[in-house]
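Asker: Got a structure for you, questions after.
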Amino acid sequence: MSDTRTTADALVIFGVTSDLSHKMIFPALYAMAKRGILNVPVIGVASSKWNLAQVHKKATDSIKQADKIDDPDALDRLLAQLRYVGGDYNDLSTFNALKQELGNAQHPAHYLAIPPALFTTVINGLGAAGLTHQARVIVEKPFGRDLASARELNRIALSVFPEDSIYRIDHYLGKEAIMNILYFRFANSFLEPIWNRNYVASVQITLCENFGVQGRGAFYESVGCLRDVIQNHLFQIVALLAMEPPAYQGYGANHSEKVKVFQAMRPLQPDDVVRGQYTGYLKEPGVAKDSDVETFCALRLFIDSWRWEGVPWYLRSGKCLAATAAEVLVELKPPPQRLFADLASGQANYLRFRLSPNSAVALAARVKRVGKEFVGDQHELYLVDEQPGEESPYERLLSDAMAGDETLFTREDAVEAAWAVVDPVLDTHHPVHIYKPGSWGPKQADALITNDGSWHNPILL
Ligand code: BG6
């Protein structure tokens, strides 16, 4: 599923001094250097008055923190490729200095690892300095903060870059376990007959984290859980689970099917959403003392399509919960006739996708217990698809963007259609319910799902 595009001949990283660069980007660049697939200048840009030695130190520290340095030659190669441009993003001279550093590069990839509020400034600066010709731009999430701002951002990006040169990152799409949802669904024939409203009772997706906002209070205040992970990461998982089979192999078909899922989602209403906030959030640096921003969000949504009509989809995510994991549970309807007494217990079959911290697929079915009685137990048929040497999502996505492969990036229409679903509840919603750190969120979230059972809490073995 790849387009034949020119490989980028320089990588520009706006926000090279950022937390994201420290945690994710330098380790990804090091991994690319180890694999021998990063052979172009890497130009860091930031507003700090740093020199190259400081950037080298930052890169080395970040790689040491994420991993051990097991290939010093690769690290030396990476450091030798690094350049640095410091300056104000509002100042055209910053972009002119970047142009100088780019030298003969004809196809730079500009990666915006910067706060969303700066996206348009940098995109406009690149346009004004003539740095967009045959170039591409890689934009971090969140892409906009509602439908109107996403449209505006798309308009500005499209005024200087063609759509096929805009790479919108959702790092969940670079995760092996999530790519496996697409593969598992369409590489197996046993699933399709039951993958619809006739057999599926409900679908649940949980992304839980047992830590708080970790110093990102100011950023979190501007987004909240719904914008931070649900409108993007969890919706992308829903799209992969719910989409129709793509009509052909290729970027376009895949993306068009995902867009149709977002377009068929019923826009959310305040009663579909339960928002929570962990005790202690208000004391985090950068957080308003009376903040109503949610650190937990649970919602019920419907996809009004032929396949999914009437099937509730329950999504839930939160900080400071009881565990760190991501899991999907597709619960099947019970058999039409209750032939065995023990089926009254409501133990339906299900398919479970564990997405993190490990990745696995489990199909639960009932099997008779030995003995005279016709009673049984639920057993999981368990497939593990972890592969040693997996690429990290950022390594995968950055190298794909450099190579011009758009498969794992999101398209303008998909981003906007996903915003349209959450738009009605971004500002109009019930107040947050307070929950205890280490719990599974506020009890009001249990009431949301009660007609269809209860939340399945990922178990960590
Ligand atoms: C990021 C969010 O996009 O995803 C974070 O901004 C969240 O708040 C993170 O913690 C989760 O990603 P992962 O890969 O650790 O599950």
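The values are calculated or read from the model by the stated rules, or taken from the named source; none is laboratory data. Here the structure is a predicted model, which is why all the values come from computation and not from measurement. No Cβ is skipped: glycine too gets one built from the backbone with ideal geometry, and neighbour counts run over all protein chains shown.
Asker: Hand me the list of helices (runs of 4 or more DSSP H) wholly inside region 1-83 holding 2 or more residues that are surrounded by fewer than 16 Cβ atoms within 10 Å (Cβ to Cβ). First the steps, then the outcome.
Answerer: Details: elements: 26-35, 52-66, 72-81.
Counting at least 2 such residues, we get 52-66, 72-81.
Asker: Still on this structure: Condition first: under 16 Å from residue 170 (Cβ atoms), near the ligand (Cβ under 8 Å from one of its atoms) and of a type in the set (D, E, K, R). Now tell me which residues in region 215-231 satisfy that.
Answerer: 228
Asker: Which of the residues spanning region 404-415 are under 14 Å from residue 261 (Cα atoms) and surrounded by 19 or more Cβ atoms within 10 Å (Cβ to Cβ)? Steps first, answer last, please.
Answerer: If we filter region 404-415 for residues that are under 14 Å from residue 261 (Cα atoms), which is where we start, we get 410-411, 413-415.
Across region 404-415, the qualifying residues are 410, 411, 414, 415.
Asker: Another question about this same structure. Does residue 231 satisfy the criteria of being modelled with pLDDT of 95 or more and assigned by TED's automatic domain parsing to the domain that holds residue 352? Before the answer, list the steps.
Answerer: Values: modelled with pLDDT of 95 or more: yes; assigned by TED's automatic domain parsing to the domain that holds residue 352: yes.
Here the answer is yes, as residue 231 does meet what is asked.
Asker: Looking at (1) more than 16 Å from the ligand (Cβ to nearest atom); (2) under 21 Å from residue 315 (Cβ atoms); (3) not small (Gly, Ala, Ser), which one does residue 210 not meet, given that it meets all the others?
Answerer: Every listed condition holds for residue 210 apart from (1).
Asker: Same structure, new question: So residue 424 ticks every box in (1) outside any helix (DSSP H, G or I); (2) more than 16 Å from the ligand (Cβ to nearest atom) but one. Which box is left unticked?
Answerer: The failed condition is (1).
Asker: Next question. How about region 127-179: which of its residues are free of Cβ contacts under 8 Å to residues at least 60 places away in the same chain and not aliphatic (A, V, I, L, M)?
Answerer: Those that are free of Cβ contacts under 8 Å to residues at least 60 places away in the same chain and not aliphatic (A, V, I, L, M): 127, 130, 132, 133, 149, 152, 155, 159, 161, 162, 165.
Asker: I'd like the full set of residues that are touching a strand residue (DSSP E or B) at 6+ places or on another chain (Cβ under 8 Å) and acidic (Asp, Glu), limited to region 430-461.
Answerer: Residue satisfying the conditions is 452 alone.
Asker: Just one of the numbered conditions (1) of a type in the set (Asp, Glu); (2) within 13 Å of the ligand (Cβ to nearest atom); (3) surrounded by fewer than 21 Cβ atoms within 10 Å (Cβ to Cβ) is not true of residue 244; which one?
Answerer: (2)
Asker: Next question, about the same structure. I'd like to check something: does region 388-403 contain any residue that is surrounded by fewer than 12 Cβ atoms within 10 Å (Cβ to Cβ) and more than 24 Å from residue 317 (Cα to Cα)? Give the steps one after another, and end with the answer.
Answerer: Restricting attention to region 388-403, the residues satisfying the condition of being surrounded by fewer than 12 Cβ atoms within 10 Å (Cβ to Cβ) are 388-389.
Next, from what is left, pick out any that are more than 24 Å from residue 317 (Cα to Cα): 388-389.
Among the residues of region 388-403, at least one is surrounded by fewer than 12 Cβ atoms within 10 Å (Cβ to Cβ) and more than 24 Å from residue 317 (Cα to Cα), which makes the answer yes.
Asker: Would you call residue 212 small (Gly, Ala, Ser), surrounded by fewer than 21 Cβ atoms within 10 Å (Cβ to Cβ) and in contact with a strand residue (DSSP E or B) (Cβ under 7 Å, 6 or more places away or on another chain)?
Answerer: Details: small (Gly, Ala, Ser): yes; surrounded by fewer than 21 Cβ atoms within 10 Å (Cβ to Cβ): yes; in contact with a strand residue (DSSP E or B) (Cβ under 7 Å, 6 or more places away or on another chain): yes.
It is true that residue 212 is small (Gly, Ala, Ser), surrounded by fewer than 21 Cβ atoms within 10 Å (Cβ to Cβ) and in contact with a strand residue (DSSP E or B) (Cβ under 7 Å, 6 or more places away or on another chain).
Asker: Just one of (1) of a type outside the set (Ser, Thr, Tyr); (2) away from the ligand (no atom under 16 Å from the Cβ); (3) over 13 Å from the mean Cα position of the chain (by Cα) trips up residue 239, so point out which.
Answerer: Unmet for residue 239, out of (1) of a type outside the set (Ser, Thr, Tyr); (2) away from the ligand (no atom under 16 Å from the Cβ); (3) over 13 Å from the mean Cα position of the chain (by Cα): (3).
Asker: Taking interchain pairs and intrachain pairs at least six residues apart, which have beta carbon atoms under 6 angstrom, with the first residue in region 347-367 and in the same structural domain as residue 210 (by TED's automatic domain parsing) and part of a loop (DSSP other than H, G, I, E, B) and the second crowded, with 17+ Cβ neighbours inside 10 Å and not aliphatic (A, V, I, L, M)?
Answerer: Every condition considered, the pairs that remain are 348/331.
Asker: Among all residue pairs at least 6 apart or on different chains, which show Cβ distances below 8 Å where the first residue, located in region 266-294, is surrounded by fewer than 12 Cβ atoms within 10 Å (Cβ to Cβ) and the second is among the small types (Gly, Ala, Ser)?
Answerer: 285/215; 285/217; 285/218
Asker: From the list 247, 242, 288, 264, exactly one residue is out of contact with any Gly (no Cβ under 6 Å at 6 or more places or on another chain), among the small types (Gly, Ala, Ser) and modelled with pLDDT under 95. Which is it?
Answerer: Details: 242 fails: modelled with pLDDT under 95; 288 fails: modelled with pLDDT under 95; 264 fails: modelled with pLDDT under 95.
From the options 247, 242, 288, 264, the qualifying one is 247.
Asker: Further, regarding this structure: For region 368-393: of the residues being assigned to a loop (DSSP other than H, G, I, E, B) and in contact (Cβ under 8 Å) with a residue 60 or more places away in the chain, which is nearest to the ligand (Cβ to nearest atom)? Walk me through it before giving the result.
Answerer: Here is the first cut: in region 368-393, the residues assigned to a loop (DSSP other than H, G, I, E, B) are 369-375, 385-392.
Cutting the leftovers down to in contact (Cβ under 8 Å) with a residue 60 or more places away in the chain gives us 385-387, 390-392.
On the way: 385: 17, 386: 15, 387: 17, 390: 13, 391: 13, 392: 9 Å.
Once the filter is applied, the top-ranked residue is 392.
Asker: Please count how many residues of region 144-186 are aliphatic (A, V, I, L, M), under 20 Å from residue 107 (Cα atoms) and within 16 Å of the ligand (Cβ to nearest atom).
Answerer: 1
Asker: Would you mind stating whether residue 253 is more than 11 Å from the ligand (Cβ to nearest atom), surrounded by fewer than 23 Cβ atoms within 10 Å (Cβ to Cβ), of a type in the set (A, V, I, L, M) and touching a residue at least 40 places away in the same chain (Cβ under 8 Å)? Let's see the steps before the verdict.
Answerer: Values: more than 11 Å from the ligand (Cβ to nearest atom): yes; surrounded by fewer than 23 Cβ atoms within 10 Å (Cβ to Cβ): yes; of a type in the set (A, V, I, L, M): yes; touching a residue at least 40 places away in the same chain (Cβ under 8 Å): no.
The answer is no for residue 253.
Asker: Still on this structure: All but one of (1) touching a Cys at 6+ places or on another chain (Cβ under 7 Å); (2) of a type in the set (Ser, Thr, Tyr); (3) closer than 20 Å to residue 261 by Cβ hold for residue 305; which doesn't?
Answerer: (1)
To keep it simple, each residue is scored yes or no on (1) among the basic types (Lys, Arg); (2) touching a Leu at 6+ places or on another chain (Cβ under 9 Å); (3) within 15 Å of the ligand (Cβ to nearest atom); (4) more than 25 Å from residue 190 (Cα to Cα).
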{"site": "279", "(1), (2), (3), (4)": "no, no, no, yes"}
{"site": "313", "(1), (2), (3), (4)": "no, yes, no, no"}
{"site": "322", "(1), (2), (3), (4)": "no, no, no, yes"}
{"site": "334", "(1), (2), (3), (4)": "no, yes, no, no"}
{"site": "338", "(1), (2), (3), (4)": "yes, no, no, no"}
{"site": "342", "(1), (2), (3), (4)": "no, no, no, yes"}
{"site": "360", "(1), (2), (3), (4)": "no, yes, no, no"}
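Asker: Identify, from the list 437, 458, 424, 431, the residue that is touching a residue at least 60 places away in the same chain (Cβ under 8 Å) and outside the structural domain of residue 301 (by TED's automatic domain parsing). Full working, then the answer.
Answerer: Numbers: 437 fails: outside the structural domain of residue 301 (by TED's automatic domain parsing); 424 fails: outside the structural domain of residue 301 (by TED's automatic domain parsing); 431 fails: outside the structural domain of residue 301 (by TED's automatic domain parsing).
458 is the lone residue from the list that is touching a residue at least 60 places away in the same chain (Cβ under 8 Å) and outside the structural domain of residue 301 (by TED's automatic domain parsing).
Asker: Report yes if residue 95 is in contact with a strand residue (DSSP E or B) (Cβ under 8 Å, 6 or more places away or on another chain) and hydrophobic (A, V, I, L, M, F, W, C), otherwise no. Walk me through how you get there before you give the answer.
Answerer: On the way: in contact with a strand residue (DSSP E or B) (Cβ under 8 Å, 6 or more places away or on another chain): no; hydrophobic (A, V, I, L, M, F, W, C): yes.
When the stated conditions are applied, residue 95 does not pass them.
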